[in-house]
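Participant: Pasting a structure below so you can have a look.
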């Protein structure tokens, strides 16, 4: 079994593994809206491979990072513009 | 200034890995970089334990190739790293817009595959896959293996096209096995040809999907919809470096050389054709770049075979006119800037479209909508500017050194 680590999404703990991408960890935690479009439509990962930029989030204070291209690390702080449901 | 490496390879998918391993076995000093956190590209994604994929990944791990992941080549500074450059930047999915395609829960087909391989747990999720091409079956098979309920695989191509394609597979034994394996593992899921998605419904997330088959439409309750209509080459970096791009793919000669001296291209970048074409092109590029032309020549007939297979793929899975006209007036075409079809239609060329609407000027820089306008109207982005992939400002400020 891969070891379990904890990342924080808007300060709430979310379980993950070091092999999991941030996008996958968020989806696994039931988070479906990653951000909103200019006309305030909910958006989530589309391409899964770092092209579309729809899954971008703030990680450890750095905005605009592609959650599908970033692996989870213990204690990582992920900030979404909307409070996860 | 002497370059630190003999050969730089950009992209650690099948073509790039085959190129890097082949070049290092020729005694070259090789740097292999990839934007993703792990090697393998979109198709292999770091599965070390299975078949050919594991073989190549293990050969790479055992080699003296210097591998740098989570590293992007963003502009012409990549040329300073090695004397010769092999581009293997792969492909992305072609999305065709329909009402509801921007809803959370709607992903690409390769997109869903990538998310699952990244750890997305799909167990007990109801999934509809709709679009075109072999990736539909590969993704459906993976989703089922991970415990998902695959409700339907909707292939827009018609059965006559598919029969012709399947009949041609006997010449490609590797593909035949792959096809049979996929077919077998899918028993129990509905696979429909002549079938496509018309719209997705839901408020904050997809709840149902409207499909069309043989003149009939119905809704399928679904929590995920994976959609994609084949692949398009990632030509941005090649174009930025001045390599000639023709019909959306990098033009190469017999040695996989581009129009720019000392720059080679291999794999999906030179035309969509799958993993076998990618591997053989990667090997040829590396052999040619390390002065082993005679050996490269022995691979030409293999390459011809896989290029014929690739041409068959394109013919078989070309989008039918109906799936090119699914978007409604208010359906976003450019997702980054939320530009609907009504504003995108009727501009005549990419430049006018961009200036008038901001289509293609958002975060993805036209990578998604540009492929769509090319499919719909025959034009798209043609003069990419650096950075070739999104990069932090830090990366742009770095000195011209390694």
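Participant: Do any helices (runs of 4 or more DSSP H) entirely within the range B:264-344 hold 2 or more residues that are touching a helix residue (DSSP H, G or I) at 6+ places or on another chain (Cβ under 8 Å), at pLDDT 95 or above and over 22 Å from residue A:52 (Cα atoms), and if so, which?
Facilitator: B:275-289, B:293-297, B:300-317
Participant: Scan the range B:98-123 for residues that are within 9 Å of chain A (Cβ to nearest Cβ) and at positive phi and jot them down.
Facilitator: B:105, B:119 - these are the residues of the range B:98-123 that are within 9 Å of chain A (Cβ to nearest Cβ) and at positive phi.
Participant: Having 3 or more residues that are on the phi < 0 side of the Ramachandran plot, in contact (Cβ under 8 Å) with a residue 60 or more places away in the chain and within 12 Å of chain B (Cβ to nearest Cβ) is the bar; report the strands (runs of 3 or more DSSP E) wholly within the range A:45-85 that clear it.
Facilitator: Once the strands (runs of 3 or more DSSP E) in the range A:45-85 are filtered for at least 3 residues that are on the phi < 0 side of the Ramachandran plot, in contact (Cβ under 8 Å) with a residue 60 or more places away in the chain and within 12 Å of chain B (Cβ to nearest Cβ), nothing remains.
Participant: Here is a list: B:9, B:21. Which entry is within 27 Å of residue B:397 (Cβ to Cβ), at pLDDT 95 or above and crowded, with 18+ Cβ neighbours inside 10 Å?
Facilitator: Result: B:9 is the single residue among B:9, B:21 that is within 27 Å of residue B:397 (Cβ to Cβ), at pLDDT 95 or above and crowded, with 18+ Cβ neighbours inside 10 Å.
Participant: Out of B:110, B:27, B:82, B:119, which single residue is outside the structural domain of residue B:277 (by TED's automatic domain parsing) and either closer than 21 Å to residue B:266 by Cα or in contact (Cβ under 8 Å) with a residue 24 or more places away in the chain (or both)?
Facilitator: Going through B:110, B:27, B:82, B:119 in turn, just one is outside the structural domain of residue B:277 (by TED's automatic domain parsing) and either closer than 21 Å to residue B:266 by Cα or in contact (Cβ under 8 Å) with a residue 24 or more places away in the chain (or both): B:110.
Participant: Follow-up question, since we're still on this one. Residue A:51: surrounded by 16 or more Cβ atoms within 10 Å (Cβ to Cβ), in contact with a strand residue (DSSP E or B) (Cβ under 6 Å, 6 or more places away or on another chain) and within 24 Å of residue B:229 (Cα to Cα), yes or no?
Facilitator: Yes: the conditions hold for residue A:51.
Participant: If I ask for residues that are within 30 Å of residue B:333 (Cβ to Cβ), part of a helix (DSSP H, G or I) and within 7 Å of another protein chain (Cβ to nearest Cβ), which ones from the range A:1-44 would you list?
Facilitator: A:23, A:24, A:27, listed by residue number.
The values are calculated or read from the model by the stated rules, or taken from the named source; none is laboratory data. Since this is a predicted model, take the numbers as computed values, not measurements. Neighbour counts run over all protein chains shown; Cβ positions are idealised from the backbone, glycine included.
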